[in-house]
Amino acid sequence: MEESAKHLIEITDVHKRFLMGDTVVEALKGVSLTVDEGEFLGILGPSGSGKSTLMNVVGCMDTFQEGSYKLLGIPVESLGDDKLTILRNRLIGFIFQKYHLIPKYTVLQNVMMPLLSRGMRYEDAARIALEKLRMLDMEKRLAHKPNELSGGQQQRAAIARALVGNPKLLLADEPTGALDSKTGKEVLKLFQALNDQGHTIVMITHDLSVAKSAGRIVRIIDGELYKEEAT
C-alpha cells in the first residue's frame, strides 16, 4: 500500500465546506502543508479556526471537496471507506485530549485493541502492548481500569495505544488539554523524547506554550494557514 514519497504528508490547496442551514461555511480555504518524516509539527489556532477540521483531514477521518492529500505518497482522496480504515489503522496513531480509553477494559486490553482489530493473535498483541507500556513506565498499571488512573497515566496509556502498531504518524489533538500544568509538561517531554527517537508527530493545540514544544509551528486562522515559525 505504501509508495515512495518525498514528504510523509503533502496537502495541496485543500478546501473543506460545510452546509449549516442555508449557509455554506468554508472551514478550510486552500490549505497547503507538507510534513517530512521525523518532524514534530505544532498546528496552532484558536477555537473555530479550522484546526479540528484540518486534524480530521490529516487523520483521514474526513473528506474534502477540492485539492489533494497524499499520505506517504498515497492519494487519500481516491480511497474508499474500507481502504481509509486500513490506512488509519496501519499508518496513524491517534492521541486525544479525552484519552478515549474504553472504561470496561484494562490498560493492557486498551493498548492491544489496534492490533486485535488487524487480526493479530491475542498473545502476540499482548506481548507488543506490554513492550510499549513498559517503555512508558506503565507496567505496574496493566490490570487497572481507566477510572483507576490519574490523568497523566491515562494519557500515557493512550500514547502506548497510539504507538503499538508502529505508525508512521502520531496525530495528537490537544494532548495536554485535560491535564494540570505539571503533568502536561511531562507529556510534552515524552513527545519530545518520542520525536528524538524518530517518530513523526503532528500536534493540534490552541496554546502557544504547548505548541513551542514542537520543532515547527504553523498557525491556522479562519481556515487559512499563516507563517511558519521555528521553535
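Table for the structure above
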quantity: Spatially proximal aspartates and glutamates relative to Lys16 (Cα-Cα < 17 Å; intrachain offsets below 8 disregarded); calculated: Glu26, Asp62, Glu66, Glu77, Asp222, Glu224
quantity: Estimated FRET transfer efficiency when R0 is 35 angstrom, pair Val24-Ala193 (beta carbons, to 0.05); calculated: 0.20
quantity: Protein-only accessible surface order, largest first, of Arg161, Arg134 at 1.4 Å; calculated: Arg134, Arg161
quantity: Positive-end residue, the chain charge dipole about Cα centroid, Cβ charges, pick of Ala125, Val58, Ile95; calculated: Ala125
quantity: Point-charge dipole on Cβ atoms (K/R +1, D/E -1) for the stretch 164-231, about Cα centre, debye to 20; calculated: 240
quantity: Size of electric dipole in the chain: Cβ of Lys, Arg +1 and of Asp, Glu -1, about Cα centre, debye, nearest 20; calculated: 840
quantity: Between the stretch 70-92 and the stretch 154-231, the Cα center-to-center distance that results, in Å; calculated: 22
quantity: DSSP bridge pairs, the chain: antiparallel proportion in percent, nearest 5; calculated: 55
quantity: Rounded, prolate or oblate (a/c below 1.5 giving rounded, otherwise prolate when a/b exceeds b/c) for the stretch 72-183 by Cα gyration tensor; calculated: oblate
quantity: Rough spin-label spacing in nm, given labels placed 7 Å along Cα→Cβ, for Thr63 and Glu148; calculated: 4.4
quantity: Radius 12 Å from Cβ of Leu28, net charge of other residues (Lys, Arg +1; Asp, Glu -1); calculated: -2
quantity: Cβ-placed point charges (K, R +1; D, E -1), dipole of the stretch 1-133 about Cα centre in debye, nearest 20; calculated: 500
quantity: Over 21 Å (Cα to Cα) - which of Lys83/Lys104; Lys6/Lys132; Lys29/Lys51 fall in this group; calculated: Lys83/Lys104; Lys6/Lys132
quantity: With all protein chains modelled, accessible area of His15 [1.4 Å, Å²]; calculated: 30
quantity: Estimated 222 nm signal from helices in the chain, with DSSP H stretches of n ≥ 4 weighted -39500 (n - 2.57), rounded to 500; calculated: -10000 deg cm²/dmol
quantity: Derived scalar couplings ³J(HN,Hα) [the stretch 191-202; Karplus, 6.51 cos²θ - 1.76 cosθ + 1.60; whole Hz; x for Gly, Pro]; calculated: 4, 5, 5, 5, 5, 4, 7, x, 6, 8, 10, 10
quantity: On Cα atoms only, tilt of 122-135 relative to the major axis of the chain in degrees; calculated: 80
quantity: Estimated distance in nm for a label pair at Glu224 and Lys104, the labels positioned 7 Å out from Cα along Cα-to-Cβ; calculated: 4.9
quantity: Alpha carbon centroid spacing (whole Å) that separates the stretch 98-114 from the stretch 1-50; calculated: 29
quantity: Most positive-pole-ward Cα, Val164, Ala27, Val14, against dipole of the chain from beta carbon charges; calculated: Val164
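The values are calculated or read from the model by the stated rules, or taken from the named source; none is laboratory data. What you are looking at is a predicted structure, and each value in this text was computed from that prediction instead of being measured. A quick note on method: Cβ atoms are made from the backbone with ideal geometry, for glycine too, and the neighbour counts reach across all protein chains shown. Remember, those area values only see protein heavy atoms, side chains included, never the ligands or the DNA or RNA. Shrake-Rupley method; radii C 1.70, N 1.55, O 1.52, S 1.80 Å.
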